[in-house]
1. Looking at ILE81, ILE90, which is the one that is surrounded by 23 or more Cβ atoms within 10 Å (Cβ to Cβ), more than 25 Å from GLY275 (Cα to Cα) and either of a type outside the set (Asp, Glu) or out of contact with any helix residue (DSSP H, G or I) (no Cβ under 6 Å at 6 or more places or on another chain) (or both)?
2. Select from region 242-274 the residues that are touching an Asp or Glu at 6+ places or on another chain (Cβ under 8 Å) and under 18 Å from CYS43 (Cβ atoms) and list them in ascending order.
3. Of everything in region 209-254 that's more than 29 Å from ALA37 (Cα to Cα) and acidic (Asp, Glu), which residue is surrounded by the most Cβ atoms within 10 Å (Cβ to Cβ)?
4. Considering only residues of region 210-248 that are more than 17 Å from VAL63 (Cα to Cα) and among the hydrophobic types (A, V, I, L, M, F, W, C), which is farthest from the chain's Cα centre (by Cα)?
5. Of GLU184, GLU196, GLU234, GLU214, which residue is more than 30 Å from MET167 (Cα to Cα) and among the acidic types (Asp, Glu)?
6. Only one of LYS145, LYS171 is of a type in the set (Lys, Arg) and either surrounded by 17 or more Cβ atoms within 10 Å (Cβ to Cβ) or on the phi > 0 side of the Ramachandran plot (or both). Can you tell me which?
7. Which of the helices (runs of 4 or more DSSP H) found entirely inside region 1-103 contain at least 2 residues meeting this: more than 30 Å from GLY161 (Cβ to Cβ) and among the basic types (Lys, Arg)?
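Only the coordinates and a few stated rules stand behind these numbers; no lab work does. These numbers come from a predicted model, not from an experiment. Neighbour counts run over all protein chains shown; Cβ positions are idealised from the backbone, glycine included.
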Amino acid sequence: QHGDAQWAKLRHRFLNELYWAAAVVCGYADLIPMEPAYHGLLCRFLERKTGVPELDTALYRKVETPREVGKTSLASVVRSIQLLCGDPDIAIMIANEKQENAMKMLSEIKRHFLNNEFLRALFPEVCPEDDQTTDKWSQTEISIKRTTTRKEPSISVVGVGSALASMHYDKLLIDDPISREAMENARSGSWHIMHEVNRWIHQLEPLLSWSAKEPEILFIGTRWWHGDSYEHIEEAYGYGEPKRTYALRLKLPDGSIQQVLAYRVGDLAVFRRAGIEDGR
């Protein structure tokens, strides 16, 4: 019931438990599918709740996972919705190697705000009431209901390498900035795509709003090749410093304790999972 104690409890849980928000409210439990052993600590890292300040407060953060594990659904789609429900006045930029892919992410976010009845019941103050609220929505940007007249849209999407407008965002989510094409070119000795992406990455920091509560540039992707842009990110923002490694722990449903290592190097926090771990 709207306004009662259970409603408030579920709202609080959505804003503070990304795993539950994605699995239950947004319905990705079976779609991805989600598993605590793989997605539990990933979600904690994404929402800056590992309990390790060195990881949770880093300006630059990077997630590396294999393909097809739901990282975009969690990091770009549900995390963006969670952030906006918690503070509808923030602004988020989502970038992908191809703008068309970023537009598909935004389309998925739109569907939740417009059609996800569970989400709409929990956060009616931010979800559009009718078509008039969305008359200025486009394929590349949306603005939810806000308490301010901020010029930046709630979410803007761009393609990597595109000219960056003079906007300032609280969060920059750089999701899969390089593709198989860039990797194949690098393997054959042509690094021009990778170098263009690397130069574009260095244009991101001026887009951050320094009045944001937690400004962040989050890189999300899969390693393709030695010397690729993910390695460049670590070299550029790690400054050649030694890694400071932290053990993240999570109690799994069977009662066992899972441990995953994450690290901080320079201004960058890194969470990495491999396709095969401990022979599994």
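1. Numbers: ILE90 fails: surrounded by 23 or more Cβ atoms within 10 Å (Cβ to Cβ).
Every option except ILE81 fails the conditions.
2. As a first pass, look at region 242-274 and keep what is touching an Asp or Glu at 6+ places or on another chain (Cβ under 8 Å): 244, 246, 264-266, 268-273.
Within region 242-274, TYR246, ALA269, VAL270, PHE271, ARG272, ARG273 meet the criteria.
3. Applying the filter and picking the extreme gives GLU235.
4. TRP210
5. Values: GLU196 fails: more than 30 Å from MET167 (Cα to Cα); GLU234 fails: more than 30 Å from MET167 (Cα to Cα); GLU214 fails: more than 30 Å from MET167 (Cα to Cα).
Every option except GLU184 fails the conditions.
6. Values: LYS145 fails: either surrounded by 17 or more Cβ atoms within 10 Å (Cβ to Cβ) or on the phi > 0 side of the Ramachandran plot (or both).
Just one listed residue meets the conditions, LYS171.
7. Numbers: elements: 5-16, 36-46, 53-56, 79-86.
Helices (runs of 4 or more DSSP H) meeting the threshold: 5-16.
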